[in-house]
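The values are calculated or read from the model by the stated rules, or taken from the named source; none is laboratory data. None of the values given here were measured: they were computed from a predicted structure. Note that each Cβ is placed from the backbone with ideal geometry, even for glycine, and that neighbours are counted across all protein chains shown. We work out accessible area using only protein heavy atoms, side chains counted, and drop any ligands, DNA or RNA first. Shrake-Rupley method; radii C 1.70, N 1.55, O 1.52, S 1.80 Å.
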Amino acid sequence: YNANVPTMRTIDRDFESRGTRCAGTLYLPDGLERPPAIVLAHGFGAERAWGLPAFAERFVQAGFAAFLFDYRGFGDSDGEPRRVVAPRKHRQDIRAAVEHVRHFDEIDAERLVLWGTSLGGGHALTIAAHDASFSALIAHVPHVDAVASLVALGEPAHALRLMAAGVRDIFHAATLREPYYIDNVGHPGDLAMLNTEDSYEGMLSLLSPGEPFDNRCAARIALTFSFYRPVVHAAKIRTPTLIVAAVQDSLIPIEAVRKTATRIADCKLVELDCPHFAPYTGEWFERSISAQLSFLRERLGG
């Protein structure tokens, strides 16, 4: 037992984004008055329960509050149709979560950190380019450039299959039917949005034992994802930024992340020699969270 480590409590704090209820949970360190708060955004087709509580718990142990939430149509949040990956709507949800947290009496709204992982990391970078109100920004193995990712994957046949599925899903939407779903993650050769060697097992590693795994996403994202390039906004970011990158990332080329980091005025880049999903668990998680806590103490004190 370490008397210097705060104990933790969680409080359900749902909120509305564009009229739809989003499920949120506030993690609080006991005995600390108005700690800084970190708003965490999850990745592609994921849910807040998939890997993010481990980060929240470590932030709380270090004296920060943390807020986890599900995007509309995902996890415990309301919203129909379900599991539609939509970067613009996800960013709306993140902004709504941030405004929600700013009004919590338990936290210091003047010391607010924006945190995003994978696709959520791309959302965080994009939001920070147009909102300088955050005390710090952490982008964890972030999506930075869909074009670079597609070029690195080099699978035109797979891309064409995804586009065909996307067109089919658009017809479903136009005729008011349920989305045409494909797998969110799969194995090489599978018709899935993420189908590199480590994608399927990597995503499973984020789930607690026995936790339901809804491995679907509406195929329409395949038609628009190639236009999502947070790197083009990076030069506008004025917030102190930490990027934690995976050198062996099969989904996000390390060179694209390095390029993004060089465009941000105040950015620290930490490179971990591991695949995309490794920094969520085990030794690589410890290295990642250590770098994040060091950055937060440097920028916010504590």
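Using label points projected 7 Å from each Cα along Cα→Cβ, tell me how many nm separate residue 99 and residue 80, to one decimal.
Placing both labels 7 Å along Cα→Cβ, they lie 2.6 nm apart.
Give the angle, between 0 and 90 degrees and rounded to the nearest 10, that separates the Cα long axis of helix 156-174 from the longest principal axis of the Cα atoms of the chain.
So the helix axis and the longest Cα principal axis differ by about 90 degrees.
Using only alpha-carbon positions, what ratio does the radius of gyration of the stretch 199-239 give when scaled by 2.2 N^0.38 Å? Could you put the intermediate results ahead of the total?
Working: Rg = 16.0 Å, N = 41, 2.2 N^0.38 = 9.0 Å.
So the stretch 199-239 has a normalised radius of gyration of 1.78.
Across all directions of projection, what mean area in square nanometres is found for the Cα convex hull of the stretch 63-125? Working shown, then result.
On the way: hull surface 19.4 nm².
Computed as one quarter of the Cα hull surface, the answer is 4.9 nm².
Cα atoms only, the stretch 121-261: Rg and Dmax in Å?
16.5, 46
How high is the FRET efficiency from residue 273 to residue 175, r the C-beta distance, R0 45 Å, rounded to 0.05?
E(calc), rounded to 0.05, equals 0.40.
Helix 52-61 sits at what angle to the longest principal axis of the chain, using alpha carbons and giving 0 to 90 degrees rounded to 10?
The helix 52-61 is inclined about 10 degrees to the chain.
At 1.4 Å probe size, with every protein chain present, just tell me what the per residue accessible area of the stretch 41-188 comes to in Å².
Accessible surface, normalised per residue, equals 36 Å².
Give the carbon-plus-sulfur fraction of the accessible surface of the chain in %, rounded to a whole number; probe 1.4 Å, heavy atoms of protein chains only.
In the chain, the share of accessible area belonging to carbon and sulfur is 52 percent.
So if we plug the beta-carbon distance of residue 130 and residue 227 into 1/(1 + (r/R0)^6) with R0 = 22 Å, what FRET efficiency do we get, rounded to 0.05?
The formula returns an efficiency of 0.80 here.
Calculate how steeply helix 282-300 sits against the longest principal axis of the alpha-carbon atoms of the chain, using the helix alpha-carbon long axis, and give the answer as 0 to 90 degrees to the nearest 10.
Approximately 50 degrees, to the nearest 10.
For the stretch 104-133, list residues with backbone N below 12 Å from a point placed 7 Å from the Cα of residue 238 toward its Cβ?
So the set is 129-133.
Roughly how many nanometres apart are two label points built 7 Å out from the Cα toward the Cβ at residue 290 and residue 205?
The modelled label-to-label distance comes out at 1.8 nm.
Using a Gaussian network model of the chain whose springs link C-alpha atoms within less than 10 Å, name the residue from 193, 203, 163 with the highest mean-square fluctuation.
Sorting by GNM fluctuation, first place goes to 163.
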